[in-house]
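Worksheet: the structure to be examined is printed underneath.
The values are calculated or read from the model by the stated rules, or taken from the named source; none is laboratory data. Note that this is a predicted model, so its numbers are computed, not measured. When we count neighbours, we look across all protein chains shown, and the Cβ atoms used for this are built from the backbone with ideal geometry, even at glycine.
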Amino acid sequence: MIKQAIIVQEDQPFTLASLSPSRPQRRLVLLVALALGALFIMAVQHSHIQLGRIDAFVPAYGTAIFVNDLITSVLLFNQFAILRSRALLAISNGYLFMALMVIPWMLTFPGLFTPNGLLGAGLQSTNWLAVLRYTGFPTAVIAYALLKDANRPNRWWERSLTATILSSAAMSAAVVCAMTVLVTAGDAYLPRISIDRVHFSTFLLYIASCLILLNAVALILLWIRQRSVLDLWLMVVVCVYAIEIYLVSFPGLARFSVGWYAGRVFGFVSSILVLFVLLYEITTLYAHLLRAVLAQRREREARLMTGDVVSASVAHEVKQPLTAIIASANAGLNWLDRVEPELDEVRRVLRRVVTAGRHADAVIENIRAHFKKSAQPRTSLDINDVIEEALAVVRDKLQTHRVAVQAAPNKRLPRIKGEQVQLQQVLLNLITNAIDSMATKNGERVLSIRSEVHHSGCVMVSVEDTGKGLEPGAMDRIFDPTFTTKAHGMGMGLSICRSIIEEHEGQLWVTADKGRGAVFQFTVPVDLGSASADLSNAFGQAL
Ligand code: ADP
């Protein structure tokens with residue numbers, strides 16, 4: 001997976017680590033921070049109350065934060081594999097370190113496995129392992145903040161990406177092992193944080209103050225260098241870790257107090273925050289990717305089908321003059337093969353060959369002009385004009401099939417931005433389909449075309465008919481290329497319409513009731529340039 005990762009420029013806004021936070025994202029982060037702040041204030045008020053030991057609490061808490069931190073680190077390593085940023089490598093290892101340090105902390109926790117904890121450690125090991133764990137995270141965040149603006153790594157990183165990740169992870173694991181060995185073996189020499197299995201000495205207050213200070217430094221650095229969504233959430237995480245350290249240490253100077261339990265809950269929250277955001281980002285990205293792939297596939301199929309249509313048309317149209325050329329050339333040869341060649345006849349058939357050749361040339365040119373994709377730039381358009389022109393093209397057909405048209409222009413619409421010929425092509429397709437559908441049914445034949453402002457802010461056009469409605473089962477496949485229910489249909493119209501509208505960053509959809517006609521609707525974006533000009537004109541007039 002890592003090997004196949006795509007190298008994305010760091011400034012491309014695809015991932016949490018490179019995406020600039022939008023205003024709603026900033027608001028959400030602020031809201032979460034305020035909510036956690038309020039909870040902290042509530043917890044502080046009762047934090048000194050001593051509770052009993054809940055045996056299941058420490059294993060449950062330890063397992064939860066181990067799993068959270070480990071998954072977060074894997075997801076961040078994955079982001080590193082995409083962006084190749086050393087800052088991300090640092091923070092991924094920070095999370096890995098946090099996850100791995102939980103193991104010795106749990107093993108040495110007094111009373112969890114054995115009264116004095118495993119690994120033969122004394123009373124101080126659990127505390128010092130926790131202190132080291134809480135030193136690791138802000139240190140990783142500081143490294144992350146400092147490396148954020150560093151130059152992009154050289155090619156060595158690209159060549160040995162897997163090795164880079166594995167070796168850095170191994171290094172983190174080695175640091176955890178070394179710390180565990182040193183702390184457990186040197187337990188007797190360590191400054192005393194625990195007085196007994198429950199109470200802490202006042203020395204913890206100095207250590208906790210240093211740790212809170214370290215988190216503050218990490219927060220300030222992140223604040224100064226903040227750029228991405230990840231930075232914002234890391235700032236919240238750093239604050240929550242500081243809260244955890246405060247609650248666990250300051251209020252009662254004892255384990256199993258309200259503050260101690262509340263601190264652990266804050267620890268759990270901080271371990272889950274970035275994980276939630278990463279998972280949300282991955283799901284959203286996946287949905288976008290799926291939509292993009294589907295749109296691309298539809299477009300490709302439509303193109304392929306357009307190719308088929310072009311070749312079928314060329315074959316059909318050119319066959320006739322080619323047959324004439326071959327027949328005339330054969331006749332010419334016969335006139336020449338006579339004992340006395342009939343040169344006048346030969347001249348006559350050769351003229352026929354030339355005429356047929358010119359005709360074939362004109363046919364090919366015609367088809368080419370018809371299918372050539374217009375590369376005209378998008379312009380500011382009045383949708384009413386586009387509708388009017390499309391209706392003018394099909395006026396004869398509408399009259400032949402006795403279709404009444406309701407298409408009052410909506411003069412209050414903003415101008416749109418689009419390619420006139422293509423949008424006209426979409427309307428022509430929808431109107432022709434509507435006429436075809438109504439032509440197969442007796443009774444009232446009314447074509448209504450409405451335009452209005454859609455709730456998305458785009459202009460929406462609806463083409464409604466009183467025809468037979470969609471065939472059963474057609475709803476899901478109607479936009480597929482080659483889907484047709486008409487004897488001489490090609491099934492290309494709607495597929496091409498959809499790709500044109502999607503190219504315009506709009507949407508095309510259908511709603512229908514069998515027997516009551518169909519409503520095709522599409523949206524096209526507003527021309528923002530002319531909309532703001534209209535607004536300033538209106539202001540000007542009002543003043
Ligand atoms: P074609 O017109 O060549 O069949 P389209 O892609 O334009 O190709 O249309 C595909 C199919 O969608 C039609 O064959 C028809 O079954 C259905 N359809 C399109 N427009 C309408 C409509 N207004 N009412 C009922 N069915 C429609």
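A few comments on the model shown:
- Test: residue in the stretch 293-311 that is part of a loop (DSSP other than H, G, I, E, B) and at pLDDT 85 or above: no
- Hits in the stretch 453-479 - residues which are more than 9 Å from the ligand (Cβ to nearest atom) and either under 29 Å from the mean Cα position of the chain (by Cα) or among the aliphatic types (A, V, I, L, M) (or both): Val453, His454, His455, Ser456, Gly457, Cys458, Val459, Met460, Val461, Ser462, Met475, Asp476
- Failed item in (1) more than 39 Å from the chain's Cα centre (by Cα); (2) assigned to a helix (DSSP H, G or I); (3) away from the ligand (no atom under 12 Å from the Cβ), with Gly443 passing the rest: (2)
- Options Ala38, Ala99, Ala87: the member that is buried (at least 22 other Cβ atoms within 10 Å of the Cβ) and more than 18 Å from Ser271 (Cβ to Cβ): Ala87
- Some residue of the stretch 401-412 being under 29 Å from the mean Cα position of the chain (by Cα) and of a type in the set (Val, Ile, Thr): no
- Here Val346 meets each of (1) surrounded by 12 or more Cβ atoms within 10 Å (Cβ to Cβ); (2) modelled with pLDDT of 85 or more; (3) closer than 19 Å to Leu430 by Cβ with one exception, condition (3).
- Contacts under 6 angstrom Cβ, first residue in the stretch 405-421 being within 23 Å of Ala434 (Cα to Cα), partner of a type outside the set (A, V, I, L, M, F, W, C) and buried (at least 19 other Cβ atoms within 10 Å of the Cβ), 6 or more apart: Asn410/Ser451
- Test: residue in the stretch 109-123 that is assigned to a helix (DSSP H, G or I) and in contact with a helix residue (DSSP H, G or I) (Cβ under 9 Å, 6 or more places away or on another chain): no
- Leu428 being modelled with pLDDT of 90 or more and either closer than 19 Å to Gln521 by Cβ or away from the ligand (no atom under 12 Å from the Cβ) (or both): no
- Filtering Leu107, Leu129 for residues that are among the hydrophobic types (A, V, I, L, M, F, W, C) and either surrounded by fewer than 20 Cβ atoms within 10 Å (Cβ to Cβ) or over 24 Å from Val236 (Cα atoms) (or both) leaves a single hit, Leu107.
- Yes/no for Phe80 being surrounded by 24 or more Cβ atoms within 10 Å (Cβ to Cβ), within 27 Å of Pro191 (Cα to Cα) and of a type outside the set (Val, Ile, Thr): no
- Residue count for the stretch 161-202, restricted to those that are outside any helix (DSSP H, G or I), of a type outside the set (S, T, N, Q) and under 22 Å from Met106 (Cβ atoms): 10.
- Residue count for the stretch 372-399, restricted to those that are assigned to a helix (DSSP H, G or I), surrounded by 11 or more Cβ atoms within 10 Å (Cβ to Cβ) and modelled with pLDDT of 80 or more: 11
- Ser125 of a type in the set (Ser, Thr, Tyr), over 18 Å from Val141 (Cα atoms) and touching a residue at least 60 places away in the same chain (Cβ under 8 Å): yes
- Index of the failed condition, Ser18 passing every other in (1) over 25 Å from Leu230 (Cβ atoms); (2) in contact with a Lys or Arg (Cβ under 9 Å, 6 or more places away or on another chain): (1)
- Just one residue in the set Pro481, Pro472 is within 18 Å of Glu301 (Cα to Cα), out of contact with any strand residue (DSSP E or B) (no Cβ under 6 Å at 6 or more places or on another chain) and at pLDDT below 90; that residue is Pro481.
- Note on the stretch 480-523: residues that are in a strand (DSSP E or B) and within 10 Å of the ligand (Cβ to nearest atom) amount to 5.
- Selected residue [of a type outside the set (Ser, Thr, Tyr), crowded, with 21+ Cβ neighbours inside 10 Å and farther than 17 Å from Gly506 by Cβ] from Ala408, Ala404, Ala434: Ala434
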